[in-house]
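The values are calculated or read from the model by the stated rules, or taken from the named source; none is laboratory data. Worth saying up front: this structure is predicted, and the values here are computed from it rather than measured. Neighbour counts run over all protein chains shown; Cβ positions are idealised from the backbone, glycine included.
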Amino acid sequence: MTDSPAAAAGTWTLGDLNVNRVGFGAMRLTGSAAFDLGAPSDRERSLAVLRRLVELGVNHIDTAAFYFSRLRSANELINTALAPYPEDLVVVTKVGPGRDPSGEWFAARPDQLRGQVEENLRQLGRDHLDVVNLRRMSQESIAEHFGALAELRDAGLIRHLGVAHVTAAHLAEARAIAPVVCVQNQYGLDTREHDELLRLCGEAGIAFVPYYSIAGPGKEAGADARGDEEDRVLAVAAARGISPTQVRLAWTLQQGPHVLAIPGTGNPAHLEENVAAGTVRLTDEELRALTG
């Protein structure tokens with residue numbers, strides 16, 4: 001869909017998989033926060049969001065087996081809404097953290113990663129996973145964990161590998177074991193401590209995929225948790241007649257052609273707004289104003 005709204009910002013390749021740079025994060029599909037075991041999301045609305053995003057040309061979905069709340073699983077919703085999957089749809093999952101059925105967290109050992117991969121396969125109804133990110137927990141070295149995933153890649157369960165919540169040293173450690181197609185780290189206008197890693201990824205041809213680029217310090221609670229938008233974001237938004245969220249997404253996408261956006265929402269109207277941000281091109285003056 002070269003003329004689709006999601007394609008307006010261009011494309012990038014994850015290994016041999018071509019994706020539009022505006023993608024979708026599935027975390028918020030299950031409720032106001034993915035890890036909240038309180039009120040579940042509206043199931044039909046979540047399914048409608050997933051079906052609509054494909055219509056808008058979104059072909060990159062980020063998810064995980066541990067994205068669940070009471071009565072809702074992001075992977076199950078994706079499977080229900082989209083299977084049989086469009087041929088160009090790339091589903092990216094992550095392993096490393098885990099949650100038991102009651103929602104309690106644990107850090108997976110290397111020998112537990114196969115079980116996590118297979119759980120994603122079962123929930124999504126796939127015979128292989130397009131991309132699996134190793135989400136680093138607190139370990140200093142990721143070599144043993146990443147090596148275990150590389151073995152699963154060689155076995156055909158995984159097509160491509162990525163890493164998340166890492167430093168440049170972790171990335172180098174992983175690349176010495178197997179090719180890395182993407183890096184997921186928290187990054188946005190308010191959280192720019194990974195500027196150097198973003199640059200390194202661009203030089204290596206690796207996708208940099210920020211999470212919480214809208215929410216910033218508010219994290220999974222959403223953009224509203226940040227309170228009043230900073231004056232400079234509001235000023236650009238008002239002058240353009242667009243939302244502050246669209247300003248933040250446009251700024252993120254303009255940090256490099258290898259930067260992919262995965263804004264998440266369970267709201268159909270917010271989905272339309274997020275995807276439309278891919279059409280926004282900020283001027284050099286606006287970019288300077290946003291960064292102060």
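Some notes on this structure:
- Search result, residues across segment 87-121 that are in a strand (DSSP E or B) and in contact with a Ser or Thr (Cβ under 9 Å, 6 or more places away or on another chain): 91, 92, 93, 94, 107
- Residue list for segment 180-200, restricted to those being closer than 20 Å to residue 145 by Cβ and touching a helix residue (DSSP H, G or I) at 6+ places or on another chain (Cβ under 9 Å): 180, 182, 183, 185, 186, 197
- Residue within segment 155-168 that is among the hydroxyl-bearing types (Ser, Thr, Tyr), in contact with a strand residue (DSSP E or B) (Cβ under 7 Å, 6 or more places away or on another chain), farther than 28 Å from residue 83 by Cβ and not in a strand (DSSP E or B) present: no
- Counted residues, segment 10-32 - those being in a loop (DSSP other than H, G, I, E, B) and modelled with pLDDT of 95 or more: 6
- As for segment 56-63, it holds no residue that is surrounded by fewer than 16 Cβ atoms within 10 Å (Cβ to Cβ), in a loop (DSSP other than H, G, I, E, B), in contact (Cβ under 8 Å) with a residue 40 or more places away in the chain and of a type outside the set (A, V, I, L, M).
- From the options 115, 98, 125, residue that is within 22 Å of residue 72 (Cα to Cα), surrounded by fewer than 18 Cβ atoms within 10 Å (Cβ to Cβ), within 21 Å of the chain's Cα centre (by Cα) and not β-branched (Val, Ile, Thr): 125
- If you go through segment 172-196 and pick out every residue that is touching a Leu at 6+ places or on another chain (Cβ under 7 Å) and part of a helix (DSSP H, G or I), you end up with 0.
- Any hit, segment 33-55, residues being part of a loop (DSSP other than H, G, I, E, B) and touching a Pro at 6+ places or on another chain (Cβ under 8 Å): no
- Qualifying residue in segment 179-190 (condition: farther than 19 Å from residue 21 by Cβ and modelled with pLDDT of 95 or more): yes
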